[in-house]
Amino acid sequence: MRNFLILAAWCAACVFSIPAASAQTQPVKLEVDLSDAPRRVYHSKMEFPVNPGPLTLVYPKWIPGEHSPNGPIVDVTGLHFRGNDREIPWRRDDVDLYAFHCSIPAGVSVLEARLDYLLPKEDGTAGSPSATAQVAVLPWNLVVLYPQGTKTDEVLFSASVRVPAGWKFATALETVSSNSAESATFETISLTRLVDSPLLAGAFFKTYALSPGQKPEHRLNNAADSAIATTVSKDQLNHLRQLVAETGALFGARHYRHYDFMLALTDHLPVNGLEHHESSDNRGPEKMLLDPDSLEGLMDLLPHEFFHSWNGKYRRPAGLATPDYQQPMKSDLLWVYEGLTQYYGVILAARSGFWKPEQLREYLAAIFAALSDGRPGRSWRDLEDTAVSVSVLYGARQAGASWRRPVDYYEESELIWLEADTIIRRETRGQKSLDDFCRRFHGTEDGAIKVVPYAFDDVVALLNSLASYDWKNFFDERLHSHGPGAPSGGLKQSGWKLAYTDEPNDHQRAAEQSEGTVDLSFSLGFTAQAAGDEVNTITDVIPGSPAGKAGVAPGMKLVAVNGRKWTPDWLRLAIREAKSSAEPVRLLLENDEYYQTFEIDYHGGERYPHLESLGTPDLLGEIAKHRAPAVAK
Ligand SMILES: [Zn+2]
């Protein structure tokens with residue numbers, strides 16, 4: 001899915017034949033038919049204005065926000081080119097498999113290209129599922145081709161869509177005409193803006209106003225596998241309205257005409273979020289808004305993707321601001337793009353009222369413990385390398401994650417930005433904070449929908465203008481060090497330290513409940529699946545932990561604990577019993593067709609992370625306080 005493919009060097013003969021002027025003035029007509037979405041096929045028909053001669057069309061490969069060359073070309077099927085009602089043969093480039101060459105005959109001024117996109121049902125090598133029996137998400141990059149060598153800002157598309165009978169839909173694109181409730185033709189817009197404006201459709205659909213009576217408009221569009229799942233509670237609606245107000249107070253400028261949260265609520269699409277300028281494509285479990293444990297784990301999803309409209313879409317690292325979807329991206333600054341967003345995603349979740357201060361602390365304790373005591377991988381891989389390697393790490397298995405290191409530039413950067421926030425506050429005696437950085441970095445050019453690239457030095461220079469400090473060295477150390485633990489300065493300076501007790505961490509508990517997992521990372525040293533497709537499987541073992549030393553490995557299956565059929569409760573009880581006993585915890589595990597008992601010599605009892613006050617002022621609580629007037633009535 002995230003395999004890195006070596007790009008071809010383009011030869012001059014391959015350059016497409018559409019003059020730039022005609023590409024800019026005459027849009028590509030695109031018709032997308034989602035009628036077969038429940039059968040997991042999207043149909044696409046394009047009409048390109050062309051001139052006779054050689055032409056190469058390409059399929060989007062590097063998708064903005066995914067930071068990877070993962071355009072799912074394997075499921076592009078039924079490709080036909082036609083002109084004046086006659087078939088025009090195409091040939092795939094034998095080095096760049098995303099490029100299709102053809103020759104436009106004399107007399108042909110419009111090339112008709114048709115393709116079907118087959119949607120996968122499971123996440124895997126063929127890309128991500130986007131449709132269920134009742135919900136469909138249309139990222140337009142799945143169904144388009146465009147002339148090779150053109151900037152996506154300069155190719156215009158006039159798109160229309162048809163959805164299944166009785167379904168509703170929403171997108172940030174403006175509708176210019178509509179023949180029925182299930183179809184629409186949208187404004188003519190650049191390919192960049194089209195791909196930046198996915199469409200959400202569904203049989204059960206509900207839209208909520210998030211800034212009623214105000215401009216710009218903000219909406220939450222829910223499509224779910226059931227009617228009840230589209231429902232937002234009064235409290236949730238108030239928190240979302242507060243979120244909109246908090247971003248206004250934080251940035252002072254917005255980079256959209258209106259903003260649409262698209263939220264697909266289904267157990268048949270992987271949980272995910274993808275940022276856009278004027279919308280975001282969010283996908284959560286069907287009961288996300290109904291089950292407090294499910295929502296607890298995803299509380300920052302909408303704030304995170306919303307924050308990206310400023311940080312990621314408007315301001316973007318130069319290496320990720322590529323002119324088209326075929327150019328490779330450089331992702332070393334993802335600790336700003338994603339890391340700062342991760343930090344403000346959770347802070348805005350707290351400022352909006354989604355998270356109470358103690359929930360924010362439990363969340364931070366869980367991630368700090370995981371990054372400090374569950375990451376031997378930091379001994380060989382530094383934080384920046386997790387960003388540079390994103391295109392391979394996104395597809396990595398959970399097995400081995402603690403030794404491989406996953407995409408830690410999300411959560412570890414959160415700790416780094418918290419530390420930066422506390423330093424600015426300290427150095428300016430409370431006059432300035434990281435909020436001022438956001439206002440100056442992201443809060444300019446109100447209304448502008450554009451990309452303003454930046455480099456590492458720009459971040460350092462702006463921080464220095466707020467608070468004089470050796471910011472270059474600050475980031476260098478944290479991006480390139482190997483531990484032993486994760487950066488702890490932010491927690492310390494905000495009044496907190498990590499402590500373990502035998503009381504479950506509430507954030508971990510909610511995740512275990514909603515995801516059917518067991519997390520014993522800080523006692524025996526492993527995680528396992530207690531329900532679902534991979535039930536009983538040990539998902540990861542921390543090298544050097546008691547389980548790791550005993551020879552337990554990811555992929556093995558739990559059968560029994562101390563001679564009795566295992567359940568999460570019996571396993572926890574066994575850990576408690578071993579605390580006052582000399583006997584080891586005995587696990588009977590299945591490894592392929594073989595059974596083996598592993599004796600884990602561990603007597604430390606249950607251990608779960610929490611934050612403990614240092615007795616100094618609670619700066620974390622101060623940072624998490626709402627800034628905008630309360631909108632709740
Ligand atoms: Zn993100």
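The values are calculated or read from the model by the stated rules, or taken from the named source; none is laboratory data. The structure displayed is predicted, hence computed values, not measured ones. Here the Cβ positions follow ideal geometry from the backbone for every residue, glycine too, while neighbour counts run over all protein chains shown. Keep in mind that these areas ignore ligands, DNA and RNA; they rest on the heavy atoms of the full protein, side chains included. Shrake-Rupley method; radii C 1.70, N 1.55, O 1.52, S 1.80 Å.
Placing unit charges on each Cβ (+1 for Lys and Arg, -1 for Asp and Glu) gives the chain a dipole about its Cα centre, and among Ala560, Gly516, Leu156 the Cα reaching farthest toward its positive end belongs to Leu156. Helix 234-251 axis versus longest C-alpha principal axis of the chain: approximately 80°, rounded to the nearest ten. Taking 17 Å as the cut-off, the amide N atoms of region 49-85 that come nearer than this to a point 7 Å along the Cα-to-beta-carbon line of Val176 belong to 49. Here the chain is treated with +1 on each Lys and Arg Cβ and -1 on each Asp and Glu Cβ, and its dipole about the Cα centre works out to around 920 debye. Amide H contacts for Thr266 (H built 1.01 Å from N in the peptide plane; partners 5 or more residues away or on another chain; cut-off under 5 Å): Gly284, Glu286. Temperature 4 °C, viscosity 1.567 mPa s: under these conditions the Stokes-Einstein estimate for region 68-184, based on its Kirkwood radius over C-alpha pairs, is 77 µm² per second.
Backbone geometry of region 367-382 corresponds, through the Karplus equation with coefficients 6.51, -1.76 and 1.60 at θ = phi - 60°, to 3J(HN,Hα) couplings of 6, 5, 5, 4, 6, 8, 10, x, 10, x, x, 5, 5, 10, 10, 8 Hz, x marking Gly and Pro. Taking a ≥ b ≥ c as the square roots of the Cα gyration tensor eigenvalues, region 157-302 comes out oblate, since a/c reaches at least 1.5 and a/b does not exceed b/c.
For Lys579, the shell of other residues with beta-carbons less than 15 Å away shows a net charge of -3, using +1 for Lys and Arg and -1 for Asp and Glu. Principal-axis analysis of the Cα atoms of the chain puts helix 506-515 at an angle of about 50° to the longest axis. Assuming charge only on the beta carbon of Lys and Arg (+1) and of Asp and Glu (-1), the dipole of region 163-306 about its Cα centre is about 460 debye to the nearest 20. Reported to the nearest whole Å, the Cα centre-to-centre distance from region 484-498 to region 48-98 is 50. Here each label is just a point 7 Å from Cα along the line to Cβ, and for Leu462 and Arg426 those points are 2.3 nm apart. Per-residue Karplus couplings for region 66-77, computed as 6.51 cos²θ - 1.76 cosθ + 1.60 with θ equal to phi - 60°, are listed in order as 9, 6, 8, x, 10, x, x, 4, 4, 9, 7, 10 Hz, Gly and Pro entered as x.
Other residues whose C-beta falls under 10 angstrom from the C-beta of Lys168 contribute a net charge of 0, scoring Lys and Arg +1 and Asp and Glu -1. Within a straight-line Cα-Cα reach of under 17 Å, Lys29 can be paired with the following lysines, leaving aside sequence neighbours fewer than 8 residues apart in one chain: Lys45. By definition, a body whose alpha carbon gyration tensor gives a ≥ b ≥ c is oblate when a/c is 1.5 or more and a/b is not larger than b/c, and region 310-423 fits this oblate description. Using R0 = 51 Å, the C-beta based FRET efficiency linking Thr231 and Ala582 works out to 0.40. Semi-axes of the equivalent ellipsoid for the chain, computed as √(5λ) from the eigenvalues of its C-alpha gyration tensor and ordered from largest down, come to 43, 30, 24 Å. Counting only heavy atoms of the protein chains and using a 1.4 Å probe, Val176 has close to 100 Å² of accessible surface.
Just in region 381-457: which trypsin sites (Lys or Arg not before Pro) are loop by DSSP and have at most 13 other Cβ atoms within 10 Å?
Arg397, Arg429, Lys450
Using θ = phi - 60° in the Karplus curve 6.51 cos²θ - 1.76 cosθ + 1.60, the 3J(HN,Hα) couplings for region 55-65 round to 9, 10, 10, 10, 9, x, 10, 8, 9, x, x Hz; x is entered for Gly and Pro.
The residues packed around Val58, meaning those with a beta-carbon under 10 Å from its beta-carbon, carry a net charge of -2 if Lys and Arg are +1 and Asp and Glu are -1.
The gain in end-to-end length when the Tyr394 to Asp446 segment is fully stretched comes to 15.4 nm, 0.36 nm per residue minus the alpha carbon separation. Near Met556, the amide H atoms lying under 5 Å from its own belong to Ile538; only residues 5 or more places off or on other chains count, and H is placed 1.01 Å from N.
For region 294-361, the percent of C-alpha pairs falling in each 5 Å distance bin, counted from 0 to the bin holding the largest distance, reads 4, 17, 23, 18, 14, 10, 7, 4, 1, 0.
Measuring against 28 Å, Cα to Cα, the residue pairs Lys549/Lys579; Lys61/Lys287; Lys330/Lys432; Lys121/Lys565 contain Lys61/Lys287; Lys330/Lys432; Lys121/Lys565 as the ones spanning a longer distance. In this structure, the amide hydrogen of Arg315, modeled 1.01 Å from its nitrogen in the peptide plane, lies closer than 5 angstrom to those of Val452, counting only residues at least 5 positions away or on a different chain.
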